[in-house]
Amino acid sequence: MSSGKLYYLIGRSGSGKDAILERLRHYPGVVVAHRYITRAADAGSENHIALTAAEFSRREQAGALLFAWQAHQLHYGVGIEVHHWLAAGLQVFVNGSRDYLPEARARLGAQLIPVLVTVADETCRQRLHQRRRESPDQISERMQRQIEVPIEDALVIDNNGPLDASLAQLARQLPALGLVAEGVQ
């Protein structure tokens, strides 16, 4: 088995997972896996590969997706290229799904490390409004159904403050990755 690990970020919409992942792209030795999503490429700030439902289905049927799930009337997937990165000993981060976590664990076992990103309700609501991806009614629906439940054995990142503080928390919990960068202690 390789030394590569998959750090599977989970947390409610608006918790700041995409911002954390965007910053992690600049760390040596870290790979941030993009997701394949049946959402337009210009819809929101997430770096993803936009696919039609038919394209997504073809990739899933061909075995090109390591993970595949549905949420919010969309299909989400992570490609099998992650296996190559893990085999090469790379440390991979991905925006995952809490509901899909049991299946992801079944596929990767001890190579998968859950990372729960938490945020206060008001901060979350502000972020959802700022990203302008959902209508006010959709935001209300998301806020009503999003209850933070601890995940056993997950690393926990409190993302209520500045992004650098969240990255510093991650760096303290994962010192072997060397996630210390300018401005992050």
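Near VAL92, within a Cβ-to-Cβ distance under 11 Å, what is the net charge of the other residues, with Lys and Arg +1 and Asp and Glu -1?
With Lys, Arg at +1 and Asp, Glu at -1, the neighbours total 0.
Starting from the 7 Å offset along Cα-to-Cβ, what nm value, one decimal, do you get for the label separation of GLN73 and ILE151?
2.6 nm
State the percentage of accessible surface on the chain attributable to carbon and sulfur atoms; use a 1.4 Å probe and exclude ligands, DNA and RNA.
Carbon-and-sulfur percentage of accessible area, whole number: 51.
Residue separation times 0.36 nm, minus the C-alpha to C-alpha distance between ASN47 and HIS34: what's the value?
Fully extending the segment from ASN47 to HIS34 adds 4.0 nm.
Given that just one value was derived from the coordinates, which of (i) -0.31, -0.39, -0.48, -0.57; (ii) -0.49, -0.55, -0.60, -0.66; (iii) -0.44, -0.49, -0.55, -0.62 is log10 I(q)/I(0) by the Debye sum over Cα atoms at q = 0.09, 0.10, 0.11, 0.12 Å⁻¹?
(i)
Need the full-extension length gain, GLU22 to GLN130, defined as separation in residues times 0.36 nm minus the C-alpha distance. One decimal, nm.
Residue separation times 0.36 nm, minus the Cα-Cα distance, leaves 37.2 nm.
Kindly report the accessible area of the chain per residue (heavy atoms of protein chains, probe 1.4 Å, no ligands, DNA or RNA), in Å².
With the other protein chains kept in place, the chain gives 51 Å² per residue.
Summing -39500 (n - 2.57) over the DSSP H runs of n ≥ 4 in the chain and dividing by its residue number, what mean residue ellipticity at 222 nm do you reach, to the nearest 500 deg cm²/dmol?
-10000 deg cm²/dmol
The values are calculated or read from the model by the stated rules, or taken from the named source; none is laboratory data. These figures come from a predicted structure and were not determined experimentally. Don't worry about glycine lacking a Cβ; one is built from the backbone with ideal geometry, like all the others, and counts go over all protein chains shown. For the accessible areas, the whole protein counts, side chains as well, though only heavy atoms, and no ligand, DNA or RNA atoms are used. Shrake-Rupley method; radii C 1.70, N 1.55, O 1.52, S 1.80 Å.
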